[in-house]
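One structure below.
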Amino acid sequence: MSEVQITVETAKNLGLTADEFDQIKEIMGRTPNFTELSIFSVMWSEHCSYKNSIHWLKTLPREGSRLLVGAGEENAGLVDIGDGLGCAFKIESHNHPSAIEPYQGAATGVGGIHRDIFTMGARPIAALNSLRFGNPDLKHTKRLIKGVVSGIGDYGNCFGVPTVGGEAYFDECYNQNILVNAMSVGIVKAGETVSATSEGPGNPVFIVGSATGKDGIHGATFASADLTEDSAEDLPAVQVGDPFQEKLLLEATLEAIQTGAIVGMQDMGAAGITCSTSEMSAKGGTGMRIDLDKVPTRQKNMQPFEILLSESQERMLIVAHKGQEHLLLEVFDKWDLECEQIGEVTDTGRLEFYKDGELIADVEAEPLVLGGGAPVYQREYKKPAYLKKVNAFKIGKIKQPEDLVAAAKTIFTSPNILSKRWIYEQYDSMVRTNSIHTNEASDAALVRVKGSEKVLAVTTDCNSSYVYADPYKGAMIAVSEAARNIVCSGGEPVAITNCLNFGNPYNPEVYWQFVHAIKGMGEACRKFNTPVTGGNVSFYNQTVLENTAEPVFPTPTIGMLGVLDNISQRTSIRFKNEGDAIYMLGTPQNDIGSSEYVKRVHKVRYSPAPSFDLDEEFHIQHNMKLIIKKGFVESAHDVSEGGLFVSLVESAMAADLGFVVETDYNFRKDAYLFGESQSRIVITVKPENEDDLVNYLNSHNVSFTKLGEVKGQNAIIDDKDFGPITEWCKLYDNKLGEIIEN
Amino acid sequence: MKFGVVVFPGSNCDDDMVHVLSEVMGQEVVKLWHKDEDISDFGKGDCIVLPGGFSYGDYLRAGAIAQFSPIMKSVVKFANEGGFVWGICNGFQILCETGLLPGVLLRNNNQKFICKNTHLKSPTNNAAIVAHINLDKALKIPIAHAEGRFHADEATIKQLQDNDQILFYYCDENGEITEEANPNGSTLNIAGICNAERNVFGMMPHPERASEDILGNTDGRILFESLLSTSKVMMG
């Protein structure tokens, strides 16, 4: 390759700023060559460096007695769940690849997040996903949904980890920029974890798994014709997944860890060999000498920067103890995987890459990485103008519908409420035989931990309409709802991972959303004592509408982990017995802000986030845990999207039983039934336990309302028959599939 | 009775099967690696299980490559000598590919992977895994596959019927064998069959996913219990 003249223009083409280019020259003490500049460009990209977010991320609570590694220290968070077991979990976005190529984009998103878990030595036992699509009536959206769902399914199903939960929301703000956030949860025995570090000069460095190809190199940034013989257009920017290869890699790496031959290990995701070598070296305070000729490649004549930046999937970088190489090779041979020594650890602190015997890049590791020399920026922000429209909303101007049954049907058939059966039946949700919620649904997914009494409760939550209307409150609600789902399932919230999907950080209004969402999230996490163990930030999510680029709703997805000490604490949503009393914990409000009701029935796009008070929420959840322990609770289901009505019908459908309830005339009936004011839980109680429950709630200052009882086969509200539950069930079960398929 | 669970590199229900056989049913189980050929420890009255998963990735056609694996040579011989062989999901697909069972498993008629509870009805007690099943009752057992539509030519289907080789039909929760209850378009709602000698069983549904109280479903356990008690009679 002929050496090209490196100028600030080259740097800009690679996505760096002029300032950053100056900084790089200063670090290097000279002008970098193209390969070196490429290394900086990917390591200092938003994706690897978190340069526009890390300042604020550091304000989140990241400490806790159960955390075994701190946020950002390893590939995923690691939490002590007792019984000598750790739980590694993390959520990550794959939005842009999925918007371009939904099948492979989503599939490799799943593959990438599982690798983050098993590179730590944990075996993934559950997967979740949080999806945002545009208007499902659009042909384009249908194509994206089908691609994403089959991509997630095909990858996870073959890999053999059940998809146990998740969420899917639809709004036109995601028409072109869908969000695909994938979460993995794994279990590891204490003392068997592996760190993403490189230690011991002289130790061999191996690349294992798939051969390295040209897939996933960000073709667009290399659009400079004289760089290579090949045209940049030939470089596919989206990676291709191979779940079978990942399954082999999983088994082989877990087996290899048992040999004791591994010093450190990191999977290759974004920026491939570059990222794994620099992060491991920086963490261990060492360097590496890598011979790129030894890297198994899929095609001939790959340029050094292509090998370095390739995001080919299903690969790992392993540093082994010198003299124990054979142990590693035996395991990878057993699983028919490539395992090539490509270099060794040095004490220089530098990454030295060789090709054809020539040193083609020589960069210090530390300045490349987050927490090292990578830039940190604080962007300016200003209150978004649209909030005026949000705050101008007056409930008094909204007329109550005369036909509440029709309104209920409109809400119930919102794609955001309808059963996601069409989606989740394409995922193997039961493999590994730990999915307790399969035959008895709870608000969170419940996953048995074999070899222990413990049950994990996991959930992903974020109502981005709320966050759009009020980023601070909306993010608090996202955390609170996740915790509420875990508490309603009988669990104790432990920690979170977050996936922060926002628009362009250089847009001050977007950055305002980001900053306020982080503040709200931090506040709620501190209240619930659920520290942030890690996650990821995805900026630049926007949809082009005619002549403007509209950012997507700010979507800080929360993935929360909870623990049940044993199955006896489990609580499910299903009404249990005819005659049980139905109570609502929490306070009803004259509030329809940001509800499905106000959006679907009244077509109002701008209204405030629902009423919410963090202390009240905490108080309700705390006492909910205690009344479950006391054995008062037969069923529990929180009030969320669609309001009280949807909550009641969902519990009724799970039981094939009806209910008879009354509303409170002090409130607007539409707000009472369909409002989404927070911190409310519908529970059922055996008649013989009612007195004890009421005494408890009164003596602990827990606000509650007796709504009615489980009875018959129909939904009866204030003597009005809303129809048989079986009819609601028919609507609920199949409608989303019909929308997507037709 | 001893169990061997074959582990292909892409098997992913092997651990589930081992768990149920050992922890729930209290049986002796060993894993058998796909590259090994020696299963001489297993004799008549023992059972080799081919578990669910994606044996070698199954990018070509489920089970198409697995039939050529070293272990399958021995499994075929073991079956031909009268040993019990039980294939579930991918195991069923492999048994059809090797010819130990007739028919093929085509892509589901909706062209999608389907994972959900289904109901099964057995028309016969005349095979070890169905020996003690109540023929009037539907069993709730889940499926999880993309290629589970059982298909065979008319003559083969007739032969299966005449020889009482159909072990399970998909049905509704009341035991009615209806078109709506057929999840994948299988011929006659067939969910599982055995060979003419009645020692090789194949089924798409996963009884190992329905054998524990904690999972809220123990309908699958009767298959394991049937097999164990039949074997006891044989050996006794």
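Annotation for B:K116 and A:E440: the two label points, set 7 Å from Cα along the Cα-Cβ direction, are 2.3 nm apart.
Gain on full extension, evaluated as 0.36 nm per residue between A:K294 and A:Q378 minus their Cα-Cα distance, stands at 26.1 nm.
Put a dot 7 Å past the Cα of A:T348, heading toward its Cβ, do the same for A:A18, and the two dots end up 3.4 nm apart. Based on Cα contacts under 8 Å between residues 6+ apart, chain A shows a relative contact order of 14 percent.
Considering every residue in B:8-20, what mean count of other chain Cβ atoms within 10 Å of its Cβ is obtained? Could the numbers behind the result be given before it?
Values: counts 0, 10, 9, 3, 12, 6, 1, 6, 7, 1, 0, 4, 1.
The mean count of partner-chain Cβ atoms within 10 Å per residue comes to 5.
Counting only DSSP H runs of at least 4 residues, each contributing -39500 (n - 2.57), and dividing by the residue count of the protein assembly as shown, the helix-based mean residue ellipticity at 222 nm comes to -9500 deg cm²/dmol. Our note on the geometry: Cα centres of region A:46-71 and region A:393-425, 38 Å apart.
With Cβ to Cβ distances under 10 Å as the rule, what net charge do the other residues near B:E147 carry (K, R +1; D, E -1)?
+2
The Cα center of region A:240-288 and the Cα center of region A:546-622 differ in position by 39 Å. Straight-line reach from A:K12: taking Cα to Cα under 13 Å and skipping same-chain neighbours fewer than 8 places apart, the aspartates and glutamates in range are A:E20, A:D22. Shown here for region A:374-403: trypsin sites (Lys or Arg not before Pro) in loop regions (DSSP other than H, G, I, E, B) with at most 10 other Cβ atoms within 10 Å, namely A:K382, A:K394, A:K399. Hey, quick one: spin label on A:E550, modelled 7 Å out along Cα-Cβ, who in region A:436-470 has an amide N within reach, i.e. under 19 Å? Answer for this model: A:463-470. The alpha carbon gyration tensor of region B:2-234 gives principal lengths a ≥ b ≥ c with a/c below 1.5, which makes the shape rounded. The lysine pair tally for region B:2-234, using Cα distances under 17 Å and a gap of 8 or more places or different chains, is 12. In this label model, A:K686 and A:R421 are separated by 3.2 nm, measuring between points 7 Å along each Cα→Cβ vector. Counting neighbouring Cβ atoms within 10 Å and putting the fewest first, the residues A:D461, B:D136 line up as B:D136, A:D461.
Going through region A:657-742, which GluC sites (Glu not before Pro) have at most 14 other Cβ atoms within 10 Å and a DSSP loop state?
Here the GluC sites (Glu not before Pro) that fit, given the DSSP loop and packing criteria, are A:E662.
How would the protein assembly as shown be classified by its alpha-carbon gyration tensor: rounded, prolate or oblate, with rounded meaning a/c under 1.5 and the a/b versus b/c comparison settling the rest? Oblate, because a/c is 1.5 or more while a/b does not exceed b/c. Here A:D22, B:D38, A:D267, B:D219 are placed in order of increasing Cβ neighbour count within 10 Å, fewest first, which gives B:D38, A:D22, B:D219, A:D267.
Taking Cβ atoms as reference points and 15 Å as the exclusive limit, the residues near A:L128 contribute a net charge of -3, counting Lys and Arg as +1 and Asp and Glu as -1.
Each reported figure results from applying straightforward, stated rules to the coordinates on display, with no laboratory input. As the structure is a computational prediction, the values presented were derived from the model and not from experiment. Backbone-built Cβ (ideal geometry, glycine too); neighbour counts: all protein chains shown.
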